[in-house]
Each structure stands twice: as C-alpha cells, then as structure tokens.
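Okay, structure first, notes after.
The values are calculated or read from the model by the stated rules, or taken from the named source; none is laboratory data. Here the structure is a predicted model, which means the values were calculated and not measured. Counting neighbours? That spans all protein chains shown, and the Cβs are built from the backbone with ideal geometry, glycine included. Protein only, heavy atoms only, side chains kept; ligands, DNA and RNA dropped before computing areas. Shrake-Rupley method; radii C 1.70, N 1.55, O 1.52, S 1.80 Å.
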Amino acid sequence: MAGIYIHIPFCKQACHYCDFHFSTSLKYKDELLQALVKEINLQKNYLAGETIETVYFGGGTPSLLSADEINLVISTITRLHTVASNAEITIEANPDDLNKAKLQAFRQTEVNRISIGIQSFFDEDLQWMNRVHRGDEAEASVKRAQDTGFENLTVDLIYGYPLLTDQKWKYNLDKVFELDIPHVSSYSMTVEPRTALASFIKHKKQPAMDDQQGSEQFIALMGAMRSNGFEHYEISNFCKPGHYSRHNSNYWKGVKYLGIGPSAHSFNKEIRQWNVANNAKYIQSLETGNIPAETELLTETDRLNEYIMTSLRTMWGLDLDNLNIIAKGSSYQLGTSARQFFDKEWIAQKDNIIYLTQAGKLYADHIASELFF
C-alpha cells in the first residue's frame with residue numbers, strides 16, 4: 001500500500017503564521033494543473049506498482065479547485081495506478097469555500113473526507129491570524145458538510161497564542177464535541193522564520209509565544225479529548241475509534257508516498273525526494289518533460305532516525321523488532337540513550353514497544369532527538 005499527496009499552492013490570502021509554499025495569485029492555476037498531470041505521468045513508476053490506499057489534496061487551499069479540476073487529477077491517478085476500492089481521498093478546505101454549491105460539487109468527485117481549517121471559532125482570533133473566514137462560517141461549514149453527506153470530517157485547531165485564554169480554548173473544544181466531529185488535528189502556535197508573525201514579534205508589534213501557556217493548553221486538550229472518547233493516536237491528532245487519518249498514519253508508519261506539486265516531498269523507504277518550491281520553475285520544468293526535484297539516498301542512520309522520530313509520536317510506539325530490522329544490534333544503544341527518559345517517566349515499555357507517557361508527550365521532539373543515532 002502507498003499514498004499520493006497533491007500540493008495545491010494557492011490561497012486567497014496569507015495567514016500570518018504560515019510558512020507552507022503557496023501563492024495568493026491564481027493567474028497560473030490552469031498551467032499548474034496541467035503541470036500536476038504531467039508530473040503524475042512522469043512519476044508513475046516511483047511507487048513501483050504499489051496499490052494506492054490514500055490520496056490527499058493539501059496546500060495551500062485545495063478547496064479553491066473546482067470539481068472538474070479535482071476529477072482531472074484523480075482520473076489521472078486512477079489511469080496510472082491501482083487505487084484501492086476503499087481508498088481514503090481527502091481534501092483540505094477553508095470554511096469560507098464550503099458553501100452548499102461547492103459541497104454538492106465535491107459529492108460528484110471521489111473525495112470522501114474533508115479536512116476543514118477552522119483554527120478558532122472566535123472572530124478576533126481569526127483576524128489576528130489573518131484568516132479569511134469568521135467564526136460563524138466555521139460552524140456553518142461543518143454543518144453544511146454533514147448535511148451534504150460528508151460524515152468523515154476532520155478539523156484543525158490552534159492553541160498557545162496570546163489571544164487564546166483558557167476559557168476560549170475550552171469553548172473551541174466544546175464546540176467541536178457539540179458538532180460531533182470524529183477527528184481533530186491540533187497544533188501549538190509555532191513562530192516560523194520568514195513569516196509575518198515572526199516579523200511582528202521581532203519588531204515588538206506582537207508578544208512572543210508563551211511556552212507555558214502552550215503546554216498547559218496541550219494538557220487541557222489531551223484531557224478534554226480523553227473525556228469525550230477520542231484516542232490520542234499521534235501527538236497532534238485525536239479521533240473517535242476507527243476514524244484515524246489513514247494518509248497521515250501511513251506516513252508515521254513509514255509507508256511509501258509520492259508527493260506531486262511544487263514543494264511536495266516523496267519517500268519510497270530508500271530515497272527521499274522534494275520538488276522545487278516555486279510555481280513558475282515547477283511549471284517550466286514540466287513543460288520540458290523534466291521533474292523539478294532533488295533526491296537524497298537515505299543512509300541506515302537516516303532510516304533509523306526517521307523511524308524513531310515518527311513512531312514515537314504515535315500511540316503504536318517504537319517497535320524494537322522493527323528497529324532491529326533496519327539495523328541489527330542497535331536496540332542496546334537505544335536502551336542506553338533512553339534510560340534518562342525511563343527514569344523521568346517520560347517513556348515506558350510494554351513487551352518490545354517503547355511509547356511516550358502522558359508527561360512525555362510534552363517533550364516528544366526532544367526525546368526523539370536525544371535517541372537519534
């Protein structure tokens with residue numbers, strides 16, 4: 001099994017915190033879509049005939065696409081690959097795009113899962129982030145999607161920023177539970193270089209993020225999700241039983257995936273590949289029949305560290321047997337490095353599985369980096 005990721009690099013406007021590759025100009029959207037189709041054709045052998053279990057339209061804002069444009073991409077994939085009959089096909093969407101007509105159009109495609117970028121239900125918070133939509137649109141978009149027949153929904157929420165009081169955070173979470181959404185991805189506000197937010201903080205126009213606030217709101221998030229029957233299956237992801245994101249879960253489990261579009265990454269267990277993060281260069285390269293990508297042959301150490309980083313983030317944990325398959329005899333070294341975290345009760349072990357404890361989830365990146373070979 002394998003997955004395909006499609007990067008749609010267009011947005012109506014730039015969120016202040018976002019460092020993903022996108023353009024706010026739709027001038028070359030048609031040319032870029034044709035380039036996507038060409039790349040899918042050129043990359044048809046990358047996954048070596050693996051059955052496609054998931055297709056994920058990310059971005060950017062893929063909900064800017066029409067149903068015909070989505071069908072063009074999906075039909076190209078199905079023509080060149082064997083796609084599982086129960087494949088998960090997800091599209092990321094902004095609430096302001098999800099009017100009744102757009103949702104009905106999506107129902108005429110193979111899309112069967114929608115990821116809605118809500119972030120907050122409070123207008124002042126959304127304005128601070130420079131989001132296009134408003135709080136009432138966020139709630140209405142979920143209800144419209146459900147009414148149109150989309151039951152497999154996920155939403156994004158952000159915490160750990162200055163405007164978000166604990167009371168507002170509780171309201172956001174309660175609203176998600178009230179709307180009966182089966183999957184939530186939630187992230188602490190991160191200040192990335194070269195973003196508007198980073199510039200505002202540098203020039204004292206905005207306060208820096210408070211790590212203590214972020215930690216406390218993450219703890220509140222974990223407690224609320226647990227109380228409402230959600231499984232915490234990855235550091236930033238929660239779901240009702242049986243509603244895991246198959247696309248993202250496969251990424252964390254080291255399944256092969258092909259990334260299509262500018263800035264998209266690919267992984268086939270031996271080689272990592274990434275496309276140029278420039279729309280014009282991407283289009284120009286594919287017009288000449290060339291894939292605009294750089295590649296890296298993964299060393300044994302790279303593969304070990306990748307497995308440590310991704311597996312520890314999940315509820316399935318780090319399997320020492322899998323670690324030994326990648327590099328025999330390395331488990332003893334990991335055990336030596338891990339002792340400090342066992343002592344702090346940040347990690348625990350059951351049989352051959354090492355996993356993060358509740359306390360350890362606050363330090364996931366640090367723990368993984370200390371265990372790297």
message: Taking every pair of distinct Cα atoms and averaging 1/r, then inverting, what Kirkwood hydrodynamic radius in Å comes out for region 143-271?
response: 16.9
The chain: calculated mean residue ellipticity at 222 nm from DSSP helix runs of at least 4, using -39500 (n - 2.57): -12000 deg cm²/dmol
task: Just need log10 I(q)/I(0) for region 102-153 at q = 0.12, 0.16, 0.24, 0.27 Å⁻¹, Debye formula, equal scatterers on the alpha-carbon atoms, no solvent, rounded to two decimals.
output: -0.30, -0.50, -0.87, -0.98
statement: Packing-ranked peptide list from 113-122, 31-40, 50-59, 81-90, highest mean Cβ count within 10 angstrom first, is 113-122, 50-59, 31-40, 81-90
message: As a test of understanding, state the convex hull volume per residue of region 57-98 from its alpha carbons, in Å³.
response: 79
query: At q = 0.12, 0.18, 0.23 Å⁻¹, what log₁₀ I(q)/I(0) does a Debye calculation on the Cα points of region 93-195 give, no solvent, two decimals?
result: -0.39, -0.84, -1.25
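With a probe of 1.4 Å, find how much accessible area region 209-348 has per residue, and write the answer as a whole number in Å².
For region 209-348, the solvent-accessible area averages 48 Å² per residue.
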message: Just the number please: accessible area per residue for region 69-181, 1.4 Å probe, all protein chains included, in Å².
response: 40
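P(r) tail for region 272-373, what percent of Cα pairs lie past 20 Å?
Counting pairs separated by more than 20 Å, the tail of P(r) holds 47 percent.
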task: With a bin width of 10 angstrom, please list the P(r) values of the chain as percents of all Cα-Cα pairs, from the 0 bin to the one holding the largest distance.
output: 5, 22, 31, 29, 13, 1
- line: With N residues in region 236-320, Rg(alpha-carbon) / (2.2 N^0.38 Å) equals 1.32
statement: Expressed in angstrom, Rg and Dmax over the Cα atoms of region 1-71 are 13.5, 40
- prompt: lysines near LYS240 by alpha-carbon distance under 26 Å, same-chain residues fewer than 8 away left out - which ones?
  reply: LYS143, LYS168, LYS170, LYS175, LYS253, LYS256, LYS350, LYS361
- prompt: Taking N as the number of residues in region 182-254, what is its alpha-carbon radius of gyration divided by 2.2 N^0.38 Å?
  reply: 1.39
- prompt: If you look for lysine pairs in region 6-45 that are eight or more places apart or on different chains, how many of them have Cα atoms under 21 Å apart?
  reply: 4
task: Would you please state the base-10 log of I(q)/I(0) at q = 0.11, 0.12, 0.16 1/Å for region 6-156, with intensities from the Debye formula using one equal scatterer on every alpha carbon?
output: -0.44, -0.52, -0.90
query: Rg and Dmax of region 209-361, using alpha carbons, in Å: what are they?
result: 18.9, 57
- line: Excluding ligands, DNA and RNA, the carbon-plus-sulfur percentage of the accessible area of region 209-308 with a 1.4 Å probe reads 48
